Amino acid sequence: LGGPRVSLPLAALRRLEVHGATYRPGLGRSTNGVVNMETRAGGEAWEGELLLAGRPGMPLDASPRFAPPGVDPDGFRRFQFGGGVGGPLAGDRTFLFTAAEYTDEREDRIGSTAQTDFLGTELRRTLKAFTRLDHGWSPTQTTTLRFAASDTERVGQGGGVIVPEADITTVRRGTLASLTHRSSLRGGDAANELSLQFGTFRWDFPPSESDLSTPQVTIV
């Protein structure tokens, strides 16, 4: 589908594993492998972290080669802000961890047609959120609730009048919720796990400049 259905914030990841085999006992069968994302959980003390990253764009001493006359592209610009916090809610039985992240990117692309050169711009905005709640009913019974959501908006501007058919807007919204209960049996020699999962995904292509009364494709 052009990318993951739900993206997780960086602060929510504890471990990222990539399994190239088509079958693994703990993960099941896959046609081309599995990307396993292990999420973080709250600990015995409250702690958190913040992430702030930025890239201003094209360096000041860089010359905009191959750009149309009078066009000064910005290159690639990114602003990213996020963080996470976790800790105990009720003694040593209930633990909470939550994380969120926002990313704003702008990328200039210099292209050309048979008529003239043009400067295309792509804007990307992504919002990610994650929450995990762990509760221990007893030393052998544990329940985990996870919820993740992401919203990605991409706007590609191909060059206005020159190539209006290159303008495109896409919006990807996905959610994923899971409830897992683990039971330890026979003094830890055996275990049982029951998991329920529910997810949603919506991929929209809203009009960039049209009100849907006219086609969005221009044929020359």
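The values are calculated or read from the model by the stated rules, or taken from the named source; none is laboratory data. Quick caveat, the model's predicted, so the values are computed rather than measured. All Cβ positions, glycine included, derive from the backbone under ideal geometry; neighbour counts span all protein chains shown. Note: accessible area is taken over every heavy atom of the protein model, side chains too, but ligands, DNA and RNA are not part of it. Shrake-Rupley method; radii C 1.70, N 1.55, O 1.52, S 1.80 Å.
What is the percent carbon and sulfur in the accessible area of region 1-50, measuring with a 1.4 Å probe over the protein chains and ignoring ligands?
C and S fraction of accessible area: 50 percent.
Order of 80-90, 4-14, 179-189 by packing, highest average Cβ count within 10 Å first?
Ranking the peptides 80-90, 4-14, 179-189 by packing returns 4-14, 80-90, 179-189.
Tally Lys/Arg at +1 and Asp/Glu at -1 over every other residue whose Cβ is under 11 Å from the Cβ of Thr200; what's the total?
Surrounding charge for Thr200 is +3.
With labels modelled as points extended 7 Å from the Cα through the Cβ direction, what inter-label distance (nm, one decimal) is found for Leu16 paired with Thr200?
Between Leu16 and Thr200, the label points sit 2.7 nm apart.
Given R₀ = 25 Å, what would the calculated FRET efficiency be for Leu27 paired with Ser138, taking r from the Cβ atoms and rounding to 0.05?
Rounded to the nearest 0.05, the efficiency is 0.35.
Arg186 versus Glu49, label points 7 Å from Cα toward the beta carbon: distance in nm?
Label-label distance for Arg186 and Glu49, simple model: 3.9 nm.
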